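Everything below concerns the one structure shown next.
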Amino acid sequence: MDTQALKESWHLVARSGDQVPLFFYSALFLMYPETRALFPVSMANQRDRLVNALGHIVSNVDRVDDLVPFLQQLGRDHRKFAVVAQHYPAVGQALLATLQHFLGDRWTPALAHDWTAAYGLVAKVMNEAAEESAATTPPWWEGEIILHELRAPGIAVIRARLNYAYAFRAGQSASIATPLRPRMWRFYSFANAPRRDNTIDLHVRVVDGGVVSTALAHGAQRGDILRIGAPVGDRLTLDANPPRDLLLIGGGTGLAPLKALVEQVAYEGQRRNVHLFVGARTSRELYDIEALSKIDVENPWLRVVPVVSNDAFYSGEHGHVGDVALKAWHGQDVFVCGSEEMVHSTVARLLDAGVPPEQIRFDEFTSAGGRAQ
């Protein structure tokens, strides 16, 4: 298999931008109309995900050790869409038709052979991972909303009780779907460590154009049933190494996974000192400060510092949350979570101040309102 040819051909196809996923899904639905029912009514976000996933796969096609875990997770995750083994050949045919269309004269028999072989391997790894997962876990869990509070304009805190045991780690996230927006899944971080009562907390901020976030924040209510996918991600999970002190920096609802880490430290009785810096634009957006203050008072190893950037009447810390947090850095491991802009600027500040890259863990929310995975 000529991996360089695969990369070069995908690079040429990707130049056509939004036309690529548009053609792919048109071809898929025309050739296999039954597959349309697997997707949401609006395909806008789905198109972006296709291009991003294909780009990642092709970019790593010559690094199998990096690619296989990604494909396995993709296969397990696609169970929630009701994808089964019979769907993979359909997707493969639509993909080859798309490549042929955009490459034109550059689509040679040799290139077609390589792409067919590459997709065959991708489908095999994904399908095997899905089948293995199906032997032990459902395609999704159901969670009944038992608490729904609108804490600030456009920010809601939701608690749901799941129907089956759900094993996850503090700092992880999962894709969430609501019946108010069928077949539309978005990633949200858990704002708690695992509990005996099998409940999870979600912090939801409405984002521009975010139909799922809007439905969860303003449409969902107690008694509604959410669908929760399998837990994913390890960027913000604590290592099993000897515990080190932590400096946690959260922006907006990026607080959620960091609060989960605080709960884990408390539940496990770890010997760590923890500084949690919570950033918001105004004091009204410090939506969880009451709960955080209570945890702070109850745990002498914890210090919670709220920081606002655009509120002249706030009497506490002002400025960029990363700048304020840096004053408290004394060799701790640093965890950062928030919007893309917040994370990028905070990590840059940390590196400029001399924080070793290996001591910085971060995750970000995409512009579409979900966790970057």
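If you line up the long axis of helix 64-77 against the longest principal axis of the chain, both from Cα atoms, how many degrees apart are they, to the nearest 10?
The angle comes out at about 80 degrees.
What's the ranking of 93-101, 329-337 by average number of surrounding C-beta atoms within 10 Å, highest first? Could the numbers behind the result be given before it?
Working: 93-101: 18.7, 329-337: 20.3.
For the peptides 93-101, 329-337, the packing ranking is 329-337, 93-101.
Within 15 Å, Cβ to Cβ, of N299, how many net charges do the neighbouring residues add up to if Lys/Arg are +1 and Asp/Glu are -1? Walk me through the numbers on the way to the answer.
Values: positive: K259, R271, R272, K294, R303; negative: D245, E263, E268, D296, E298.
Value of the local net charge: 0.
Give the total of Lys-Lys pairs in the chain with Cα-Cα distances below 30 Å; include a pair only if its members are 8 or more places apart or on different chains. List each step's numbers first, then the result.
Working: K7/K80; K7/K124; K80/K124; K80/K259; K259/K294; K259/K327; K294/K327.
For the chain, the number of qualifying lysine pairs is 7.
If the elastic network links every pair of Cα atoms under 10 Å, which of P306, P242, P357 fluctuates the most in the Gaussian network model of the chain?
Residue with maximal mean-square fluctuation among P306, P242, P357: P242.
Short version: ³J(HN,Hα) in whole Hz for each residue of segment 83-88, in order, from phi by Karplus 6.51 cos²θ - 1.76 cosθ + 1.60 (θ = phi - 60°), x for Gly and Pro, what are they?
6, 10, 4, 5, 7, 4
What percent antiparallel are the DSSP beta bridges of the chain, to the nearest 5?
Details: 28 of 54 bridges.
Around 50 percent of the beta bridges assigned by DSSP in the chain are antiparallel ones.
Quick check: the distance between the Cα centres of segment 333-365 and segment 72-111, to the nearest angstrom?
Cα centroid of segment 333-365 versus Cα centroid of segment 72-111: 36 Å apart.
Local charge sum around D333 (other residues, Cβ-Cβ under 15 Å, Lys/Arg +1, Asp/Glu -1)?
Values: positive: R235, R244, R271, R272, R361; negative: D234, D239, D245, E358, D363.
Summing Lys/Arg as +1 and Asp/Glu as -1 gives 0.
Compute the distance from the alpha-carbon center of segment 114-147 to that of segment 194-255, in whole Å.
Answer, in whole Å: 22.
Give me the net charge for the shell around A215: Cβ to Cβ below 14 angstrom, other residues only, Lys and Arg +1, Asp and Glu -1. Please report the intermediate quantities before stating the final value.
Values: positive: R181, R183, R186, R205, R227; negative: D224.
With Lys, Arg at +1 and Asp, Glu at -1, the neighbours total +4.
Cα axis of helix 255-268 to longest principal axis of the chain: angle in degrees, 0 to 90, nearest 10?
Tilt relative to the chain: about 70 degrees.
To the nearest 10 square angstrom, what accessible area does F168 show with a 1.4 Å probe?
Counting only protein heavy atoms, the figure is 20 Å².
At a probe size of 1.4 Å, how large is the accessible area of W115, to the nearest 10 Å²?
Its accessible surface works out to 10 Å², give or take rounding.
What FRET efficiency would be calculated for the residue pair S283, R244, taking the C-beta separation as r and a Förster radius of 41 Å, to the nearest 0.05?
0.80
Subtracting the Cα-Cα distance from 0.36 nm times the residue separation, let me have the gained length for D197 to A353 in nm, one decimal. Write out the running numbers ahead of the final one.
Details: separation 156, 0.36 × 156 = 56.16 nm, distance 4.24 nm.
Additional length available on full extension: 51.9 nm.
The values are calculated or read from the model by the stated rules, or taken from the named source; none is laboratory data. Note that this is a predicted model, so its numbers are computed, not measured. Don't worry about glycine lacking a Cβ; one is built from the backbone with ideal geometry, like all the others, and counts go over all protein chains shown. We work out accessible area using only protein heavy atoms, side chains counted, and drop any ligands, DNA or RNA first. Shrake-Rupley method; radii C 1.70, N 1.55, O 1.52, S 1.80 Å.
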